[in-house]
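Just below is one structure, and these are the notes that go with it.
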Amino acid sequence: MAATRDPIHILVTDVVMPQMTGPALAERLRRQWPSLRVFFMSGYAEGTVLPTFLAEPGTGFIQKPFLPAELAKKLHDLLDPPK
């Protein structure tokens, strides 16, 4: 699937997309890069679409709409979790 062999460190994707869902995309990419972190965003009400795929380690989520500072903080937390 991927055109690169270089590691991908994070995938930022919407939950609902045409053609393929964000969770399906993440699952496909994690086959090649098991340590891939995945950051989902969605405009749907929290709790309606999310449950199972958010339990995966290395997964984050932000509800739309969001401010750039909120996005930056959540991405930072996912890439560099507190020890």
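Quick notes on this one:
- Every residue from region 28-42 that is farther than 20 Å from Ile62 by Cβ and assigned to a helix (DSSP H, G or I): Arg28, Arg31, Gln32
- Filtered residues of region 9-27 (kept if assigned to a loop (DSSP other than H, G, I, E, B) and modelled with pLDDT of 95 or more): none
The values are calculated or read from the model by the stated rules, or taken from the named source; none is laboratory data. In this text, all values refer to a predicted model and were calculated from it rather than measured experimentally. As a convention, Cβ positions derive from the backbone with ideal geometry for all residues, glycine included, and neighbour counts pool all protein chains shown.
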